[in-house]
Structures are given as structure tokens and as C-alpha cells.
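Asks: Please find one structure pasted underneath; my questions will follow.
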């Protein structure tokens, strides 16, 4: 876990519904409360979806406190601009935000997304044999690769999130020093602020979910005219749907560009497995998004992902930047502002033991424990599966009687023994002899 | 010598055995590049056994200095092993090629990823393949 997910303990009933939804088996219920194994959590938000008590949420900052600040500056994710029909152009949203004394950085975002697509196209073009590259945009996918596919970290495109780059460009260009709040569609992007990968420190200070800001805007129902603000390009909004990033990159290719775009964790895991087995030759770029349909399916969004998709489908994006825009893209490209400053490293889970002989012994022990368990993966022990319980036991983080069936077995054995023992009498009380 | 064996009998889903092996090797703390090589070997062996051998049995044994993958099928056997080891040579049917398999890369790919490879084959009886990956000494 990189801090994208928050558990509200007062709401958790310890029902164990969430633990089975987790794609990396990172959840446990201990003493009636759900807990996250930080080494395994990828901040994808599947547990948020599965919790009926809303006990798991995006770990964002207190919006009610943040919004009271003077001249608040928002760096909003592209999904933010397709949540409400009336504000589904960046210029209209800008006007609506201004009514609330809020400012967004959409003109800088537009440039940063163009820049990211341009830089990605350059890297892919010059990659030689090291293809396909993998998109860096979804932080949950990056975490999944770090933990489960260490062999693939070298394929991650060293281009930072344009949400970061936009703020860096804005600061450099204007000298602004105000803090910036990220408006995030999901727990994974909240980690950009909480625990950035590939850079020392985030350019963003706070994070709030898309849903909270949209709710406030809708509550006031501001009418916008669209005449007060300058037009802003819309091609970058398509990054919020699966395939949009690849489409943007391909616009900077004059010859063939082959990409595969998938969304949803199951598709992502399958595709990464195929890549690791060397099945994807001839592919230049892989775009994976943890959420169904892409970022519009994030757990921190407001609008139905289907309606967001409809709005995005209706955007007739002008893919070619204007001459003036192109000049800006090139000049920022030369400044390398878009590049990840630190390498993305593997974060594999610890083996059962550092010594292979000992690890083999523990693995055999684990198999023996597992063989005795009921294999129905009921979840009552607080683990997602019988195998996970067996692993926790050999790692010293649980005991066999955590399993209700094993506990019942022990009690049955014990009661049998009690019955057996109670029928035994001391020699001095032998029933065959009459006591005088 | 310590050993740990894992059996992937009667596999039906593509990649099933290699996924199972991979999880095991990770828990044993085998370096990730060796895990990848073992996965590729298991995967290609699995595909070969499915395509040509009509299914089979795959077994991986881990020792403290190496791992061995044995794939056994009761298929038609390989008439000319040295030909089968050539890149691009395949006897796969057109139907299988249409599925994107049978490119004649299976055995060469196993050979590339294994430190040693032994193939025993008998016509109409079946094929047994033994691939070894040696762990670098610590």
C-alpha cells in the first residue's frame, strides 16, 4: 500500500466480504477489523467497490477544510471534465469553478498531456529491441508490476504522470508557489501525492476525490455561458478512457504504431502474464488501466462510467496540436521536465526464508498444513483462501485454530477425551467393591 | 539434498502450470530472472504437450542448486529432434497456426532459457523432456 486507501474502523464489521475481492490477496480480517498488508496492496480500489458498509474509501484530504482556503488551486484529472453534461468542456468547467473561487490548471494539463504523448512517441520510436513499453499512467498497474512482475519494471515508460508535469510547468512558467490539490478519480492516483514512484517528491500537496468536488458544484447549480474563458484543447480528456493515451501517442507517429489497450484488473493481469511469457512480439506499447473502461470507472468518480464514456465518444478531438502548441511541446520536451527522475524498482514480497533449504522446508510445511484445511475458502479465518491461511501460519502470522473447522475438530477431539477421562475412576473408588 | 517437487498434471488452461510454478518459485526466493526463464520453459513445454502430445504431465523439482522441469506426453513422438530444434520448423496443423501457435519457436525457446536440455522420444509412444536451470552460486 502506498497510502491510497483508508479504512474507517468505526464502520468495519469485519464481515470479510472485501478480502476475496482483492486481486493481490492483500487484505486480512484480524480481531474483527479489516487490515491491509502494505507490501501487497496496489491501491486499485477493488475493496472499496466490494464494501457494503463504506468502511473503505479513497485516502483523500478533508475537502470541507481545503475548500475554505482563499484562491485554492486544483489540478484535476481528465475524468473530472466529463462528469457533468453542462460542464463537459474544460472552459465551461473553469467558469463553474470560478464561481466558487476555485481555479484549475486545465490549460497547463492540456500542454502536459500533449508533452507526455510526444515524449512517449519519441521513446518508443528510439527503443530498438526493448519493446513493448508499458504505460506509466495508472499507478495501480505500476504497483502490480513492481510486486508481481519484477521482470517487467524495465519496460515501464520513464515518462511521469502529466498531472505532475502540468504543475511543474505551471510553477516554472509563472513562478507560482501556491500549493496544489489533485482532484483524483481513484485511490491509485492519490498515491501520486502520498507516495510517488519514480520521483523524490510530488509537485502536488493535497488530494481530494472527483466525487466530492463535483457534488459541491452540482449543489450550487451554476449556469455557465462559455464566453468568459478561452477554449482549451480536449484531446487529453480521452486519457480517461481505455485506449485514449495510445491514440494520443499514435498521433505523433508518422508510420505504423502497434498498441494493445486493456482495462480492468483481470485483463491487465492476463496481458502482463502474456507479455512476461514473451507472447507479445511486434507490439510497441501496452496501455493497462486497473478500472473497467479506464479512469472513468474509478472508485472516486461521481458519474456513471457509461455516461462518461458516451460524453467522451462525442468528443471530436483535434489530434494535431497547432503550430504554436507544437513549439511549446518541443521546447518543454528539450528541457526533460517530463522524465521520471528515479527508476521504477521491483518490490517483490519476501520469500518464506532467505535460505533456500529453509524455504523449501517451510513450503513443505505449508503444503502439509494446507492439506488438512477444508479447501472451501470460506474466509471466516480472515484470510482470502485456505492457501493464504497456510502461508500466514508458516510465516508466523496465524495459527491452525484460526480455521473454524479445525477449531471444531479440536473441540470434538477434546470433548471425546474429557468423556473418556471422566469415565476413569481412581483405584480406591472402584465400583466393584462395596464401601463400608 | 533438499528438494521440492510440484506437479501440474492434466493441465487444461493455457499457462496454468507456469503460473503455478511461478508462485512457488517466488516463495522460495528464487531470483526473478530465473523465475522468468522457468516460466517460459514450463509454458512452452505445456504448449508443446497440448499441441502435439494431446496433453501430458509437467513436474518441476527444485534443488538447492538447480531446478528441473520434466514434461511427459504420450503423443506421436518427434521423428527428427535436431530438425524440431530449428527455429521456425513446426509440424503444427493450420488450425493451430491460426490460433497464433505452432510458429516453430517452442523447443528453441526452451533451449534458449534452459542451461541444459534432454529430449527422449519414441515414435507413437511419446516424448519426455528434461530442462535444467542452474542457480548461480551465492
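What follows is calculated from the coordinates using simple rules that are stated; it is not laboratory data. Keep in mind it's a predicted model, so treat the numbers as computed, not measured. Cβ atoms come from the backbone with ideal geometry, glycine included; neighbour counts cover every protein chain shown.
Asks: Alpha carbons only, please: Rg and Dmax for chain A, in angstrom.
Replies: Both quantities, over Cα of chain A: 27.2, 118 Å.
Asks: Using a 10 angstrom cutoff on alpha carbons, build the Gaussian network for chain A and name the most mobile of A:250, A:304, A:203.
Replies: Result: A:304 has the largest fluctuation of those listed.
Asks: Okay, moving on. Any idea how far apart residue A:422 and residue A:65 come out in nm if each label point goes 7 Å out from Cα toward Cβ?
Replies: Spacing of the two 7 Å Cα→Cβ label points: 5.9 nm.
Asks: I would also like to ask the following. Find the centroid of the Cα atoms in the range B:44-58 and in the range A:97-141, then give the distance between the two in whole Å.
Replies: So the separation of the two Cα centres works out to 43 Å.
Asks: Taking 0.36 nm per intervening residue step and subtracting the Cα-Cα distance, what contour gain separates residue A:307 from residue A:326 on full extension? Working shown, then result.
Replies: Numbers: separation 19, 0.36 × 19 = 6.84 nm, distance 3.21 nm.
Extra length available between residue A:307 and residue A:326 comes to 3.6 nm.
Asks: Please give the helix A:139-148 orientation as an angle from the longest Cα principal axis of chain A, in degrees from 0 to 90, rounded to the nearest 10.
Replies: 40 degrees
Asks: With a bin width of 5 angstrom, please list the P(r) values of the range A:356-428 as percents of all Cα-Cα pairs, from the 0 bin to the one holding the largest distance.
Replies: For the range A:356-428, the pair-distance distribution reads 3, 15, 21, 17, 12, 10, 7, 6, 4, 3, 1, 0.
Asks: For peptide A:229-236, what's the mean number of Cβ atoms from other chains within 10 Å of each residue's Cβ?
Replies: Working: counts 0, 0, 0, 0, 0, 0, 0, 0.
Mean partner shielding for this stretch: 0.
Asks: Between residue A:172 and residue A:430, how many nm apart are label points set 7 Å from Cα along the C-beta direction?
Replies: 10.0 nm
Asks: Can you tell me which of A:310, A:131, A:414 moves the most in a GNM of chain A? Springs connect C-alpha atoms under 10 Å apart.
Replies: Fluctuation is largest for A:414.
Asks: Then there's this: Just checking the output field for B:24-31: average partner chain Cβ neighbours within 10 Å of each residue's Cβ? Mind showing how you got there, number by number?
Replies: On the way: counts 3, 1, 7, 13, 10, 11, 3, 2.
The shielding value for this peptide is 6.
Asks: Using a ≥ b ≥ c from the Cα gyration tensor of the range A:280-420 (square roots of the eigenvalues), is it rounded, prolate or oblate, where a/c under 1.5 gives rounded and otherwise the larger of a/b and b/c decides, a/b for prolate?
Replies: Working: a/c = 4.40, a/b = 2.27, b/c = 1.94.
It comes out prolate by the Cα gyration axes.
Asks: Counting other beta carbons within 10 Å of each Cβ, put A:349, B:36 in order, fewest first.
Replies: Placing the least packed residue first, the sequence is A:349, B:36.
Asks: Here's a follow-up. With a 10 Å Cβ neighbour count serving as the proxy for reagent exposure, in which order, fewest first, do A:184, A:161, B:32 appear? Could you put the intermediate results ahead of the total?
Replies: Values: A:184 33, A:161 28, B:32 17.
If I rank by nearby Cβ atoms, fewest first, I get B:32, A:161, A:184.
Asks: Pulled fully out, how much extra length does the chain show between residue A:407 and residue A:200, if you take 0.36 nm times their separation in residues and subtract their Cα-Cα distance? If you can, show how the numbers build up before the last one.
Replies: On the way: separation 207, 0.36 × 207 = 74.52 nm, distance 4.86 nm.
Gain on stretching residue A:407 to residue A:200: 69.7 nm.
Asks: Moving on. What is the Cα convex hull volume of the range A:176-288 when expressed per residue in Å³?
Replies: Numbers: hull volume 20.8 nm³, N = 113.
In the range A:176-288, the Cα convex hull volume per residue is 184 Å³.
Asks: Pick from A:128, A:264, A:101 the residue whose mean-square fluctuation is largest in a GNM of chain A, springs joining Cα atoms under 10 Å.
Replies: Of the options given, A:128 has the highest mean-square fluctuation.
Asks: Let me ask something additional. Can you tell me what share of the DSSP beta bridges in the protein assembly as shown is antiparallel? A percent to the nearest 5 is fine.
Replies: Working: 36 of 55 bridges.
The antiparallel proportion sits near 65 percent.
Asks: Please give the helix A:323-334 orientation as an angle from the longest Cα principal axis of chain A, in degrees from 0 to 90, rounded to the nearest 10.
Replies: The angle comes out at about 50 degrees.
Asks: Let me ask another. Under a plain spin-label model, where a point goes 7 Å from the Cα along Cα-to-Cβ, how far apart in nm are residue A:346 and residue B:89?
Replies: It is 3.4 nm.
Asks: Pull out a ≥ b ≥ c, the square roots of the eigenvalues of the alpha-carbon gyration tensor of the range A:99-240, then state rounded if a/c is under 1.5, prolate if not and a/b is larger than b/c, and oblate in the remaining case. All intermediate terms of the calculation are to be shown ahead of the outcome.
Replies: On the way: a/c = 2.05, a/b = 1.66, b/c = 1.24.
It is prolate, given that a/c is not under 1.5 and a/b is the larger ratio.
Asks: Also, quick follow-up: Please report A:299, A:258, A:225 as a ranked list, fewest other C-beta atoms within 10 angstrom at the top and most at the bottom.
Replies: Fewest-to-most Cβ neighbours within 10 Å comes out as A:225, A:258, A:299.
Asks: Output the 0 to 90 degree angle, nearest 10, between the alpha-carbon long axis of helix A:90-99 and the longest principal axis computed from the alpha carbons of chain A.
Replies: Once rounded, the angle reads 80 degrees.
Asks: Moving on to the next point. So what's the gap between the Cα centers of the range A:318-359 and the range A:1-73, to the nearest angstrom?
Replies: 26 Å
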